[in-house]
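Enquirer: Okay, here's the structure, questions in a sec.
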Amino acid sequence: MKPSIAVRDSSLSRYESAYLQTEELIKTRRLRGLRFSLLLLLLGMSLLLGMSLVQNKGSHQLVIASSALLLAGLAYRLLRRGRYREASYLLVFILITGSTAGIYAYGSVRSALTAGFAAAVVTAGMTLGRRALVLTAVLSTAALTALTWADISGGLLAKPDLTVDLQFWLIHVLLLTGLTASVYANHQTVLRALRDQQTELRRREEAEHALRLSEDRFSRIFQSSPAAIIVQALDDMTVLDVNPAFERLFGYSRDEFIGNTDARLWQDAAAHQAFCRQIETTGRVSKLPLDVCTKAGSPLNVLLSSEVEDQGRGRIVVSTITDATAETLARQAARQSAELFTKAFNFSPIAMSITRVSDGTFLAANALDERVLGFSAEELLQLTSVDAGVWRNGAERHQFIEELRRQGQVVSREVRMRHKNGHLVDCQLWSVIVTIAGEPCLLNSTINISEQKKRESLLIDVARGLSAETGEAFFRTVARHLGQALGADLVLVGETTPDRGVMSLAMVQDGLLQPNIRYALEGSPCDVALHHPDLCVYGDGIQQLFPHDLFLLDSGYQAYIGAALRNADGESIGIVNAMWRACQPPSADRDALMQIYASRISAELVRLRGDREIARLHETLEQRVHKRTEQLKATNAELESFGYSVSHDLQSPLRSIEGFSVLLARRLKGRLSEEEERLFDRIRVNVVRMHELINDLLALARVSQGKLVLDHVNLSAMAQQVIVQEQLRDPQRQVLVTIEPGLSARCDRKLARIILENLIGNAWKYSRERADAQIEFGTLTGREGGRKMLFVRDNGAGFNMAYAGSLFKPFHRLHHESEFEGSGIGLATVHRILERHGGVIRGESAEGDGACFYFSFDPRFGLSNG
């Protein structure tokens, strides 16, 4: 693929760069050698010049040494200024000319100065190029040839000086040292260059390996990237490659897109041309929003980011395409949400504002804030919440912010804010912290509740007035409060009289309580108000409407409001009214307040009339109580007489019937048939039953009379005695009896014995058909209506709960006499005894599954365990 070719081209350029770097390195090493050579030459020429002066050599030697020293200094200066080649050429020139002049002065080519030509060739080879080296060799050869020819010809050179001295030694040492240093420097330069080259090659290999790894990673990223990537040639924007995400996004396969341009993706050709110009000019494009289309023609909103890679020919454009359709929709939704918020904010019926948490500066406010604090929205934007009077100082605001951060929001907080005109305003504040542009801010909603607070204060005053004293003092207090609430000049509360008049119960005029008066209704607005189903309101001109009402004319009243006071039957029993000397505009609050007062005054007037009736009845109460007591005494006497008659008058005939039937049966013994014997037996049985009924009836009457003698009674021990009594009557029966120990109650001992005998006796009787008969006496763990309940339970015949309502009525039986004997008086007696104690009793049962009777004495008497 094209990107790989570009990478190889790039690698080749890197090798060229490495070669150039190596050449530069060799040049640097040779520069060091050249510097050393020049320094050595300067030192040698200085020593040679000094020795020539000391030994008083010829002038030609001084000139040669001085010239060489000056030229060497000039070469060193050129080298210090970075003019490497000029310094190198000058050094070669010094060596060639110096050697030639020295040989000429010496007088023979057999001098060691010929080594200077070798030094010049070596220096040229080290520091200059091939042409300079050849030129140096040619010049050195030509100079040496000319000197040799002159030496052979004789007379052309100076007379040879064959003297061997210190100067001779120094010249040879300098030449030898220079050559040695040059050779060594050249050798070290080559070795160091080779080592550096090897190091650089190893580094290059590592870099190439890292590059290959990077290429592999790039390839993997390219293939697995979730964003669509397209690679194009910069020259003609030909597509070189696309990744799978591109195929998924646009629906094109890789093969059908490579080799073509990306023009088919663009909906706007002008936008495509502008993109190409920008990428050519700047080399990159960042997050360019575009509308493109897929292979199927579906529009897409994308973000395009492109960048040019590599340099020179073969440059490529790598583009990343991100599907921004969802983001675009989100931005549209955000814009709509912002628009909705703006409309809701600006058109809210509640004053809203946004302030910074950091300093409290207003960032936004709707028009309704002007109604709260008097500032316009534009004025608030120049203030902080402290300046606007929302908070008295910064510390109070800081405390509010800390509380808001702890709770998350503030709902319906009552605060007092300072209005623009300086007075305090009662407000309700809702506040929450929101983030706007990354900065925490307060979204505040404020309601001016000054009028509401006034109404609340008025209602409190009304409540105080309406909850004042009772009776006539109430009417005086309520008249005073009503006058203050309505701002009326006169308030009157009156009660109607039978002669079509009104007797005032309280009257307050100009804030002062006035004596009660009596006035006629005829021709007054009160006469109209009494017959009006609702409030009677005259805002102005009542003097003209009621010209015969002298009270209105004399006092100068112009406005009137009145309400009839009615009892439960709707009958008018009084009136409450208020009057003003100035006209009054319509007011729903005033009318509602008047109706509230009228309702409460009506109730109090009804109660006052009831109290009067109660007082009248109370005067005759003692006489009626005495009369009722005499009637009760007479009734009790009749009951005692009835009991005596039952016990004596009814018992005597029964005893006669019983005696005569027994005597007759004895006389006729043996002469009676079986049927006649059966009839005599039925007479005797019914006589005995009649005796039992009379005795039970007398017992029921006795439990309703007499005074209760309360004592602490051990019910558990008493129940055990009753069980023993039953066992003596029926010793053959085997009954499992369970009695909870330690049960006691404060009750009448004799009557408690009757209760247990009846309940336990019934349990014994109705369980006799069971071989595994069980009887239990105890208490429930919980309470019923605050009572601790006792119970007697058996597993006998039971009864139908449908007839449970007849259990405690006298002579009502739920079983036939042939099944179980009894008179039907026992449970009624138990019920009567418990009623006298303030107790209760109830029964639960199921036929064939036993019965349970729950009972309790008066809870005031107490029930204890142990």
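The values are calculated or read from the model by the stated rules, or taken from the named source; none is laboratory data. Nothing here was measured: the structure is a model prediction, and the numbers come from that model. We place every Cβ from the backbone using ideal geometry, glycine too, and count neighbours over all the protein chains shown. The accessibility values were calculated without ligands, DNA or RNA, using every heavy atom of the protein model including side chains. Shrake-Rupley method; radii C 1.70, N 1.55, O 1.52, S 1.80 Å.
Enquirer: Quick check on my filter: what residues within segment 137-167 are modelled with pLDDT of 60 or more, outside any helix (DSSP H, G or I) and open to solvent by less than 60 Å² (accessible area, probe 1.4 Å)?
Expert: Gly154, Leu157
Enquirer: Looking at Leu593, is it at pLDDT below 85, within 55 Å of the chain's Cα centre (by Cα) and open to solvent by less than 20 Å² (accessible area, probe 1.4 Å)?
Expert: Working: at pLDDT below 85: yes; within 55 Å of the chain's Cα centre (by Cα): yes; open to solvent by less than 20 Å² (accessible area, probe 1.4 Å): yes.
Considered against the rule, which asks whether it is at pLDDT below 85, within 55 Å of the chain's Cα centre (by Cα) and open to solvent by less than 20 Å² (accessible area, probe 1.4 Å), Leu593 comes out as yes.
Enquirer: Given the conditions (1) within 22 Å of His691 (Cα to Cα); (2) hydrophobic (A, V, I, L, M, F, W, C); (3) modelled with pLDDT of 75 or more, and given that Leu672 satisfies all but one, which numbered condition is not satisfied?
Expert: (1)
Enquirer: Name the single residue that is least open to solvent (accessible area, probe 1.4 Å) among those in segment 256-285 being under 18 Å from Phe246 (Cα atoms) and outside any helix (DSSP H, G or I).
Expert: If we take residues in segment 256-285 being under 18 Å from Phe246 (Cα atoms) and outside any helix (DSSP H, G or I), then Asp262 is least open to solvent (accessible area, probe 1.4 Å).
Enquirer: Find all pairs meeting these conditions: Cβ atoms under 7 angstrom apart; at least six residues apart or on different chains; first residue within segment 852-866 and aliphatic (A, V, I, L, M) and modelled with pLDDT under 70; second residue crowded, with 16+ Cβ neighbours inside 10 Å and in a loop (DSSP other than H, G, I, E, B).
Expert: Leu863/Phe857
Enquirer: Something else now. Condition check: out of contact with any strand residue (DSSP E or B) (no Cβ under 8 Å at 6 or more places or on another chain), modelled with pLDDT under 75 and hydrophobic (A, V, I, L, M, F, W, C). Does Ala828 satisfy that? Can you show your working first?
Expert: Working: out of contact with any strand residue (DSSP E or B) (no Cβ under 8 Å at 6 or more places or on another chain): yes; modelled with pLDDT under 75: no; hydrophobic (A, V, I, L, M, F, W, C): yes.
No; evaluated as a whole, the condition is false for this residue.
Enquirer: For segment 402-430, how many residues are outside any strand (DSSP E or B) and charged (D, E, K, R)? Steps first, answer last, please.
Expert: Taking segment 402-430 first, the residues outside any strand (DSSP E or B) are 402-408, 419-423.
Among the residues that remain, those that are also charged (D, E, K, R) are: 402-403, 405-406, 420.
Count: 5.
Enquirer: Then there is this: Every residue in segment 482-501 that is within 20 Å of Ala582 (Cα to Cα) and open to solvent by 30 Å² or more (accessible area, probe 1.4 Å), please. So that I can check it myself, show each step before the final result.
Expert: Taking segment 482-501 first, the residues within 20 Å of Ala582 (Cα to Cα) are 482-492.
The answer is Gln484, Gly487, Asp489.
Enquirer: Now, a different point. Out of curiosity, is Arg628 modelled with pLDDT under 80 and among the basic types (Lys, Arg)?
Expert: Values: modelled with pLDDT under 80: yes; among the basic types (Lys, Arg): yes.
Judged against the criteria, Arg628 is a match.
Enquirer: Just to verify a result, which residue in segment 111-136, among those that are among the β-branched types (Val, Ile, Thr) and open to solvent by 40 Å² or more (accessible area, probe 1.4 Å), is modelled with the highest pLDDT?
Expert: Taking segment 111-136 first, the residues among the β-branched types (Val, Ile, Thr) are 114, 121-123, 127, 134, 136.
Now restrict to residues that are open to solvent by 40 Å² or more (accessible area, probe 1.4 Å): 114, 121-122, 134.
Working: Thr114: 69, Val121: 77, Val122: 75, Val134: 81.
So the residue we want is Val134.
Enquirer: Here's a follow-up. Any residue in segment 732-748 that is at positive phi sitting within a Cβ distance under 9 Å of a residue that is open to solvent by 20 Å² or more (accessible area, probe 1.4 Å) and in a strand (DSSP E or B)? List the pairs, counting only those 6 or more apart or interchain.
Expert: Gly742/Asn714; Gly742/Ser864; Gly742/Asn865
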